[in-house]
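The values are calculated or read from the model by the stated rules, or taken from the named source; none is laboratory data. Bear in mind that the values here come from a model prediction, so they are computed numbers and not experimental data. Neighbour counts run over all protein chains shown; Cβ positions are idealised from the backbone, glycine included.
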Amino acid sequence: MSAGFAKFASKTTQGSYDDARKAERFGRGIPFPVGVKGTAVVGAIVCDETKADNNGEQFQRVRIELLIDTPESHRGKPLTGGYFVMQDSKKAGSTWTAENWWGSMLGTLEDLGCPEDLTKGYEDFQEVIDWFGAEPRAISFEIIANDYMKNGAMVHGKRVNAFAAVDEASIPSADQVAEAHDPEATYCTFRGTKHRVVSEEGGNITIKNVNSGTQRTVAKTLVTM
């Protein structure tokens, strides 16, 4: 993280940027054609500034770099999983703001697995970057169409749609039998998978995967009852 970006990020815990941080997320050179699916890991979250424009202005930006695992023909090569410039839109009639870009960027990081309690509660944005650096964060991606109008003409673009890879422990194997439903138990959903509530304490909840039996303790805000 550059010094300039760090100074900027320190201001995102207050005011309109903080509103964007805590708000509901807005929806979001690719070497693959539309329809290709693959896997990757999050390689880097690059935070810096754009080059000065004709007016001498620079804007803070975030680039999410993925390192491809599959297709094997591109293994190890970088793929941009998101590019965000904190700049108010200059398009006529557009109300999209730099804060909207910040919120959209955080939403993308959540899609890649970053816990929502971290993206909405960080004191220093470096905490978010450190989460991705703590261990390899596996993701699945698909190349989808991204058509848009530019100067009155339709541009047939494409973009990367990426999400955190499903925890294999949450997928029952052929010899596993899902836990029978207990009408007296309380259930919730964590990362799209049904879990039984084991216990609750403070802001945390201990849950058990009904398929794999894996038990873990997570923040209550990360589960859906």
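When residues in region 103-131 are screened for being polar (S, T, N, Q) and either modelled with pLDDT of 95 or more or touching a helix residue (DSSP H, G or I) at 6+ places or on another chain (Cβ under 8 Å) (or both), 2 of them pass. Number of residues in region 59-72 that are closer than 12 Å to Ala44 by Cβ and surrounded by fewer than 19 Cβ atoms within 10 Å (Cβ to Cβ): the value is 3. Of all the residues in region 186-225, those that are surrounded by 13 or more Cβ atoms within 10 Å (Cβ to Cβ), modelled with pLDDT of 85 or more and farther than 24 Å from Thr119 by Cα number 6. Among residues of region 85-99 that are within 19 Å of Lys51 (Cα to Cα), those with a beta-carbon under 7 Å from a residue that is β-branched (Val, Ile, Thr) and surrounded by fewer than 14 Cβ atoms within 10 Å (Cβ to Cβ) at least six positions away or on a different chain give the pairs Val85/Thr50.
Conditions (1) surrounded by 18 or more Cβ atoms within 10 Å (Cβ to Cβ); (2) touching a Ser or Thr at 6+ places or on another chain (Cβ under 7 Å); (3) within 15 Å of Ala162 (Cα to Cα), marked per residue:
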{"site": "Ala9", "(1), (2), (3)": "yes, no, no"}
{"site": "Ser16", "(1), (2), (3)": "no, no, no"}
{"site": "Arg21", "(1), (2), (3)": "yes, yes, no"}
{"site": "Phe32", "(1), (2), (3)": "yes, no, yes"}
{"site": "Ala40", "(1), (2), (3)": "yes, no, yes"}
{"site": "Lys51", "(1), (2), (3)": "no, no, no"}
{"site": "Asn55", "(1), (2), (3)": "no, no, no"}
{"site": "His74", "(1), (2), (3)": "no, no, no"}
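Check whether at least one residue in region 157-170 is within 30 Å of Cys47 (Cβ to Cβ) and at pLDDT below 80, and report yes or no. Before the answer, list the steps.
If we filter region 157-170 for residues that are within 30 Å of Cys47 (Cβ to Cβ), which is where we start, we get 157-167.
Now narrow it down to the ones that are at pLDDT below 80: 166-167.
Yes, because at least one residue in region 157-170 is within 30 Å of Cys47 (Cβ to Cβ) and at pLDDT below 80.
Of everything in region 171-185 that's modelled with pLDDT of 80 or more and in contact with a strand residue (DSSP E or B) (Cβ under 9 Å, 6 or more places away or on another chain), which residue is surrounded by the most Cβ atoms within 10 Å (Cβ to Cβ)? In this case the residue turns out to be Ala185.
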